[in-house]
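I have placed the structure first, in the form of structure tokens, so that the comments after it can refer back to it.
Just so it is clear, none of the values below were taken in a lab; they were calculated from the coordinates. Being a predicted model, the structure only gives us computed values, none of them experimental. With ideal geometry, Cβ positions are generated from the backbone for all residues, glycine too; neighbour counts draw on all protein chains shown.
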Amino acid sequence: LHDALPISMPTPPNSILFDPAGDKAYAGSQYGAFSITTSNLGSSSTTPFTLLAAPETTLGVVTGKVLAVSPNGNLAIFSDTVNTPNQVYVVNSSSAGTGAGVGSTASTTPLNINGAITAAFSPDNSKAFILGNGGNTLYVYSPVLALQTYPLTASADALAFSSSGAFVFLAGGSSTSNIDVLNTCVTTPSNLPVTVTPSQTFSLTGLPATPLFLKMVPAGNVLTSASSLA
């Protein structure tokens, strides 16, 4: 560690998340979010940073905190709760090159979601669940379907998919001390872009407080959570 040198980032970050493989990281910022190619850290010829473009914004870049990164590392969700109106950005960097310029080839999908606080990707990278409106609304994003919106009867704090992707665990949403287990199966007729409301299969009740986060143990069926009683 004594040989480590500081590396200046292109903008001041407010959050950072790595993909499961550790090959890529995404950093949120109110001045321009960026991705980090970890193999280029320390390179004298290639920058590890790529600013993420969002041409419809004033700054021309994605702004906000990074909430989730897909298992394959190609997708990331950012939430801007500072600018008005609030926005969520889904960034696909699968074809993005490196370089600190705004003109990367990453595609960005803006979503009109207010107050997004957390998100989670399905294990197959095909779908994302997003908690917006301060946790009072569940949104389901898919690149092949219209954004789905489901109001909750209570505020929720956290999301986590099961290892198979068949279920999603929702901390809160119906009872502030419950973990609800939702069925994520989608019914899509071949000629209609329609999905069904995620149905509740059962709840984990009797918790002392709403968990602040939920995590699945990799390659297993064990759910971990933590809450604060303070």
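May I ask you to evaluate 6.51 cos²θ - 1.76 cosθ + 1.60, the Karplus curve with θ = phi - 60°, for each residue of the stretch 123-129 and list the ³J(HN,Hα) values in order in whole Hz, giving x for glycine and proline?
Listing the rounded values in order: x, 8, 6, 8, 8, 9, 9 Hz.
Highest mean first, what order results for 136-145, 32-41 on Cβ atoms within 10 Å?
Output ranking for 136-145, 32-41: 32-41, 136-145.
Can you tally the net charge around L138? Count Lys and Arg as +1, Asp and Glu as -1, for every other residue whose Cβ sits under 13 Å from the Cβ of L138.
In short, -1.
Would you pull out the residues with amide H under 5 Å of S174's amide H, same chain only if 5 or more places away, H placed 1.01 Å from N?
HN-HN under 5 Å from S174: A154.
Based on the Cβ-Cβ distance of S164 and S107, what FRET efficiency does E = 1/(1 + (r/R0)^6) give at R0 = 35 Å, to the nearest 0.05?
For S164 and S107, the calculated efficiency is 0.80.
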